[in-house]
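Q: Before I ask anything, let me first share the structure, which is written out below as structure tokens.
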């Protein structure tokens, strides 16, 4: 499984990398701190899953997810946020799954398994 992480906090990106490396057969193929750098790096990275911090989207959330779907129809998107109340908005905007940053790590791992196709995910 190839994962791309977009989060503006270096500590969060580092923790996610470590978790994914130690608990799943996952390759982190890229990272971004904002949507501009996401678009620049996404083509080369070719991820299966995008872990997307909802907080980096500002007012562009309703535009980004449909654009991602148009350009990368097989990309699974898991939205993360420290604000669980944005769950409904994230899913309505087109996210495949939502996790709160306060959820236990096993919730992220379960979400990854859930959104990935059998042919992509290998434990």
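Only the coordinates and a few stated rules stand behind these numbers; no lab work does. The structure presented is a predicted model; accordingly, all values stated were derived computationally and were not measured. Positions of Cβ are generated from backbone atoms using ideal geometry, with glycine treated the same way; all protein chains shown enter the neighbour counts.
Q: 222 nm [θ] for the chain, helices only, -39500 (n - 2.57) per DSSP H run of 4+, per residue, to 500?
A: So the calculated ellipticity at 222 nm is -13000 deg cm²/dmol.
Q: Still on this structure: Would you please state which residues of region 92-116 a label at residue 15 would reach in this model, taking the label point 7 Å out along Cα→Cβ and a backbone N cut-off of under 19 Å?
A: So the set is 98-112.
Q: What residues of region 1-24 lie in the reach of a label at residue 41, counting those whose backbone N is under 19 Å from a point 7 Å from the Cα along Cα→Cβ?
A: What the label zone holds, given the 19 Å backbone N cut-off, is 1-22.
Q: Moving on. Here are some values of mean projected area of the Cα convex hull in nm²: [x] 7.3; [y] 7.9; [z] 6.7. Which one was computed from this structure?
A: [z]
Q: Now for a separate question. Sorting 41, 63, 85, 31 on the 10 Å Cβ count, fewest up front, what's the list?
A: Ordered from fewest to most neighbouring Cβ atoms within 10 Å, 41, 63, 85, 31 come out as 85, 63, 41, 31.
Q: With contacts defined as alpha carbon pairs under 8 Å and 6 or more residues apart, what's the relative contact order of the chain in percent?
A: Answer for the chain is 25 percent.
Q: Using 0.36 nm per residue of separation minus the Cα-Cα distance, give me the extension gain between residue 34 and residue 83 in nm, one decimal.
A: 15.8 nm
Q: Looking only at 78, 99, 40, which one moves most when the chain is put into a Gaussian network model with springs between Cα atoms under 10 Å?
A: Sorting by GNM fluctuation, first place goes to 40.
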